Amino acid sequence: MNQFHHVSVLLEESVQALAVRPEGTYIDGTLGGAGHAGQVARRLTTGRLIGIDRDETALAAAAERLSPYLSRVTLVHGNFQDLGRILGELGIARADGILLDLGVSSPQLDQQDRGFSYMADAPLDMRMDRSAGLTAGQVVNTWPEEELRRILFDYGEERYAARIAGAICRRRETRPVKTTLELAEIIRRAMPPQALREKQHPAKRSFQAIRIAVNDELGAVERVMPQAIGCLAPGGRLAVITFHSLEDRIVKNAMQAAARGCTCPPEFPVCVCGRKPKVRLITKKPVTAGAAELAENPRARSAKLRVCEKL
């Protein structure tokens, strides 16, 4: 499984943020290549680490990487959006720390047959969990033009979303779009000349948008945040790494809402809502990668770490 090599971003910052106790229970909800998890596991003695990932290839690689610590590690094939159910099935009432690294793993991007990349020809797949039903091919070939335009604009922040969606729909009227390079070429041809002079690949934003839609990435983040906060023991910490402005907004808003106390209007003389803060914010502003990490791993450029602590 050595081909699954993923460079973990903000590694030291996120593990330090968890304030790992040797006897604690910790959850890595996005195990990947187990870079973060390995650093947590090595700090445990009588504690326990639960590693969750929807990608079975990642789980197999993680088992190898975590082999020195497997006596205190439990690996689960699942989606972090089901965190509450997974912990319930494992008999875990509360966790001392939860880590979510929301970026797509480098090996998934680099593995040509997974269909994430616009640089190599492959079937239009893009599923993080290959047992899931929806593929990029289904999105591209069956979703209505207006829905394609919406996801390209909302998830990819693509200025030419309408042109690209129209071009995809015109093409699929004659024959289905089957491969990544076919789709990348349709996108390129739909763009005006000035867009093609940009430094980044013309298909980058569209591929990101389709990947987010296929894996329901934003919906999963919205669903997991209240569960994660609810699963923390007092003093337990939630650390979340995002790579996209929409993900970061969801995480930021969820943490701020949980940290807020009374929501009564200012003119009320006394509180009638009874709302109490659930967490305190550890990071007022997100932690980002330093110059040394960026030089070593350019993919860390958009990473943001936010941390809160259960009251």
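Descriptive notes on the structure:
- Restricting the first member to the stretch 95-119 and to residues that are modelled with pLDDT under 90, and the second to residues that are open to solvent by 30 Å² or more (accessible area, probe 1.4 Å) and of a type in the set (A, V, I, L, M, F, W, C), the beta-carbon pairs closer than 9 Å and six or more apart or on different chains are Gly103/Phe243; Val104/Phe243; Ser106/Val7; Gln112/Met119.
- Close Cβ contacts (under 6 Å, 6 or more residues apart or on different chains) running from residues in the stretch 183-203 that are within 17 Å of Leu152 (Cα to Cα) and in contact (Cβ under 8 Å) with a residue 12 or more places away in the chain to residues that are of a type in the set (Val, Ile, Thr) and surrounded by 10 or more Cβ atoms within 10 Å (Cβ to Cβ) comprise Leu183/Val177; Ile186/Ile168; Ile187/Ile164; Ala190/Ile164; Pro202/Ile187; Ala203/Ile187.
- Test: residue in the stretch 106-122 that is within 16 Å of the chain's Cα centre (by Cα) and within 27 Å of Lys310 (Cβ to Cβ): no
- Considering the conditions (1) touching a strand residue (DSSP E or B) at 6+ places or on another chain (Cβ under 7 Å); (2) part of a loop (DSSP other than H, G, I, E, B); (3) farther than 26 Å from Val279 by Cβ, Ala63 is excluded by exactly one of them, (2).
- Screening the candidates Glu56, Glu145, Glu89 for the property of being in contact with a helix residue (DSSP H, G or I) (Cβ under 8 Å, 6 or more places away or on another chain) and not polar (S, T, N, Q) yields one hit, Glu145.
- Hits in the stretch 67-89 - residues which are in contact with a strand residue (DSSP E or B) (Cβ under 8 Å, 6 or more places away or on another chain) and either more than 24 Å from Asn215 (Cβ to Cβ) or in a strand (DSSP E or B) (or both): Tyr69, Arg72, Val73, Thr74, Leu75, Val76, His77
- Taking every residue in the stretch 251-271 that is closer than 12 Å to Leu281 by Cα and pairing it with any residue that is modelled with pLDDT under 95 and exposed (fewer than 10 other Cβ atoms within 10 Å of the Cβ), at least 6 positions away or on another chain, yields no pair with a Cβ-Cβ distance below 7 Å.
- Only helices (runs of 4 or more DSSP H) whose full extent lies in the stretch 109-219 are considered here, and the ones with at least 1 residues that are open to solvent by 10 Å² or more (accessible area, probe 1.4 Å) and within 23 Å of Asn79 (Cβ to Cβ) are 136-142, 145-154, 204-215.
- Within the stretch 221-249, the set of residues being surrounded by fewer than 20 Cβ atoms within 10 Å (Cβ to Cβ) and touching a residue at least 24 places away in the same chain (Cβ under 8 Å) comprises Glu222, Arg223, Pro226, Gln227, Gly230, Ala233, Pro234, Gly235, Phe243, Ser245, Leu246.
- Subset tally (residues that are in a loop (DSSP other than H, G, I, E, B) and without any contact (Cβ under 8 Å) to a residue 60 or more places away in the chain) for the stretch 272-287: 10
- Considering each residue of the stretch 298-311 in turn, at least one proves to be under 23 Å from Ser117 (Cα atoms), surrounded by 13 or more Cβ atoms within 10 Å (Cβ to Cβ), at pLDDT below 95 and of a type in the set (Ser, Thr, Tyr).
- Single condition Ala295 does not satisfy, out of (1) among the small types (Gly, Ala, Ser); (2) open to solvent by less than 30 Å² (accessible area, probe 1.4 Å); (3) free of Cβ contacts under 8 Å to residues at least 40 places away in the same chain: (2)
- The residue that is surrounded by the most Cβ atoms within 10 Å (Cβ to Cβ), counting only those in the stretch 54-77 that are under 27 Å from Met255 (Cβ atoms) and at pLDDT 95 or above, is Val76.
- Test: residue in the stretch 14-30 that is surrounded by fewer than 22 Cβ atoms within 10 Å (Cβ to Cβ) and part of a helix (DSSP H, G or I): yes
- Any hit, the stretch 261-270, residues being surrounded by 15 or more Cβ atoms within 10 Å (Cβ to Cβ), at negative phi and not basic (Lys, Arg): yes
The values are calculated or read from the model by the stated rules, or taken from the named source; none is laboratory data. In this text the structure is predicted, and so the values were computed from the model without any measurement. Cβ coordinates were reconstructed from backbone atoms using ideal geometry, including for glycine residues, and neighbour counts include every protein chain displayed. To get the accessible areas, we keep the full protein, side chains included, count just its heavy atoms, and leave off ligands, DNA and RNA. Shrake-Rupley method; radii C 1.70, N 1.55, O 1.52, S 1.80 Å.
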